[in-house]
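Q: Take this structure first; my questions come after.
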Amino acid sequence: MTPDTPALPPSLYAETAPPAPPAPPVEGDRDCAVAVVGAGYTGLSAALHLAEQGADVVVLDAAEPGWGASGRNGGQVNPGLKDDPDTVEARFGRELGARMVAMAHAAPEFVFELIERHGIACAAQRSGTIRAAYVARDVPAIRASFEQCARRGMPVELLEDARLREATGSARYLAAMLDRRGGQLDPLAYARGLAAAAMRTGATIHGATRVTRLTRESDAWRLETPRGVIRAGQVILATNGYTDDLWPGLRQSIVPVFSAITASEPMPDALARQVLPLRSALYEVGRITVYVRVDAANRLLIGGRSVQREVTRAEELRYLSAYAARLWPGTAGLHWTHGWAGRLAITTDHYPHLHEPAPGLLAALGYNGRGVAMATMMGRQLARRALGASPAELDMPVTEIRTIPLHRFWRIGVEARILAGRLQDRFGL
């Protein structure tokens, strides 16, 4: 790392994940077939799948693999898109919509298979995902999701009453859908494991290497960095919530919302058995999402939308630990040891976006809080396109970059939306 490289933020993951594989900065000029900007799940998955097909691929990151949201998120491996299957198919058509649904719901299995195939040590658990409602307003949405998924033969279960309390350990929820395909993992360990797998397969990864300029030069792309120039036949932009102005309009097409997480000390076994007994990862369907899981060390992790800045201490997130005590009163006396935050990318339509703004230039971003599974899967879609698949063969539509009006005021808008959403959820509006 160089002195001006941002340090990995303090977090539980930073303390416990296996060491990162060496990723020294670029030194000098070189050519490659594909250059990937961003070493999060999207870029690392793309690099791995490209390298597996023999492509000469170079990954460039301003910090290190997993430095952004890929190493700071809630660790939930969620199936599906934000919209229910019927809505996806109605919007994108029966043929493409069905492929999108199938891809998104198969994404957790894809992640767990990668972990197994490459021996990634990231505390992965195929323990399911619970989507839960705690106000009557949201119960019909849970039932609709269950009906649509069950109709397609997906391994889902509607949880209500005693079965719901048994699955969550909490009396707060009114209805939930359990999807057995989901689960959880240590996200930073997973990112570092993907990086190591990509490197073993033949990809080159450079950390501490910010791409400062991207231009077309004859029949190749020219990527300028502080210590050298990379010339590539194709480029993949995979910077998600940390997207800058490297390509016009891309940063203005997403909202980089901060989400924060706090982690407790390991719970005693008796208490740990009462909190999410199935060890499924849970997320709420309120207007302001809260997500919870218990890790392999019996630590309780709870996260959600936060102040729109970096967080470094558990004390800054007392509202989350207080909410955990509301869900499980026995956790009220826990000591909360860690607090951190990171930026995820929200799109206005809540779908991931796949762009091809120029020949040989691809970008994917905007996972709307479902990045572990969807970003990994989108990396493979990018690799397929770079290797010659047509846009019509992909399982996501290739769309134009559309900037968000008044984007410069995003922070004010997000903070107002969070405040309004919390009030609406509190009063069941």
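Q: Considering R279, R192, R231, R273, which residue is farther than 27 Å from S127 by Cβ and either in contact with a Lys or Arg (Cβ under 8 Å, 6 or more places away or on another chain) or not aliphatic (A, V, I, L, M) (or both)?
A: R231
Q: Hey, another quick one. Does the range 254-262 include one or more residues that are touching a residue at least 12 places away in the same chain (Cβ under 8 Å), within 23 Å of A69 (Cα to Cα), in contact with a strand residue (DSSP E or B) (Cβ under 7 Å, 6 or more places away or on another chain) and not in a strand (DSSP E or B)?
A: So far as the range 254-262 goes, yes, one or more of its residues are touching a residue at least 12 places away in the same chain (Cβ under 8 Å), within 23 Å of A69 (Cα to Cα), in contact with a strand residue (DSSP E or B) (Cβ under 7 Å, 6 or more places away or on another chain) and not in a strand (DSSP E or B).
Q: Here are some residues: A123, A132. Which one is in a strand (DSSP E or B) and either closer than 26 Å to G193 by Cβ or not β-branched (V, I, T) (or both)?
A: On inspection, the qualifying residue turns out to be A132.
Q: Suppose we keep only residues that are among the polar types (S, T, N, Q) and touching a Phe, Trp or Tyr at 6+ places or on another chain (Cβ under 9 Å) within the range 74-103. Which one would you say is surrounded by the fewest Cβ atoms within 10 Å (Cβ to Cβ)?
A: By that ranking, first place goes to Q76.
Q: Return the pairs, sorted by first residue and then second, in which the second residue is modelled with pLDDT of 95 or more and crowded, with 21+ Cβ neighbours inside 10 Å, the first residue lies in the range 335-363 and is farther than 20 Å from A238 by Cβ and among the β-branched types (V, I, T), the beta carbons are less than 7 Å apart, and the residues are 6+ apart or on different chains.
A: Listed pairs, sorted by first residue: T337/A263; T337/S264.
Q: Listed residues A107, A144; which is hydrophobic (A, V, I, L, M, F, W, C), part of a helix (DSSP H, G or I) and surrounded by fewer than 18 Cβ atoms within 10 Å (Cβ to Cβ)?
A: Checking each option against the conditions leaves just A144.
Q: Strands (runs of 3 or more DSSP E) wholly in the range 170-244 with at least 1 residues that are aromatic (F, W, Y) and either touching a strand residue (DSSP E or B) at 6+ places or on another chain (Cβ under 6 Å) or within 21 Å of T129 (Cβ to Cβ) (or both) - which ones?
A: Answer list for the range 170-244: 220-225.
Q: Within the range 334-351, identify whether any single residue is of a type in the set (V, I, T) and over 20 Å from Q252 (Cβ atoms), and answer yes or no.
A: yes
Q: Could you grab the pairs with beta carbons closer than 7 Å, sequence gap of 6+ or different chains, first residue in the range 29-52 and farther than 18 Å from R251 by Cα, second one among the basic types (K, R)?
A: Note: pairs meeting the criteria are D31/R231; S45/R380; H49/R380.
Q: For T243, are the conditions met, namely being buried (at least 18 other Cβ atoms within 10 Å of the Cβ) and touching a residue at least 40 places away in the same chain (Cβ under 8 Å)?
A: Here the answer is yes, as T243 does meet what is asked.
Q: Where in the range 314-387 are the strands (runs of 3 or more DSSP E), entirely inside, with at least 3 residues that are surrounded by 22 or more Cβ atoms within 10 Å (Cβ to Cβ) and aliphatic (A, V, I, L, M)?
A: 336-346, 361-365
Q: Considering each of R231, R222, R192 in turn, give the residue that is within 24 Å of E27 (Cα to Cα), buried (at least 22 other Cβ atoms within 10 Å of the Cβ), among the charged types (D, E, K, R) and modelled with pLDDT of 95 or more.
A: R192
Q: OK, next. (1) among the hydrophobic types (A, V, I, L, M, F, W, C); (2) under 21 Å from the mean Cα position of the chain (by Cα); (3) in a helix (DSSP H, G or I): which one isn't true of A51, the others all being true?
A: Unmet for A51, out of (1) among the hydrophobic types (A, V, I, L, M, F, W, C); (2) under 21 Å from the mean Cα position of the chain (by Cα); (3) in a helix (DSSP H, G or I): (2).
Q: Between a first residue in the range 176-193 that is over 27 Å from A141 (Cβ atoms) and a second residue that is surrounded by fewer than 24 Cβ atoms within 10 Å (Cβ to Cβ) and hydroxyl-bearing (S, T, Y), which pairs have beta carbons less than 9 Å apart while being 6 or more apart in sequence or on different chains?
A: Correct list of pairs: D186/T16; L188/S11; L188/T16; A189/T16.
The values are calculated or read from the model by the stated rules, or taken from the named source; none is laboratory data. In this text, all values refer to a predicted model and were calculated from it rather than measured experimentally. Please note: Cβ atoms are built from the backbone with ideal geometry, for glycine as well, and neighbour counts cover all protein chains shown.
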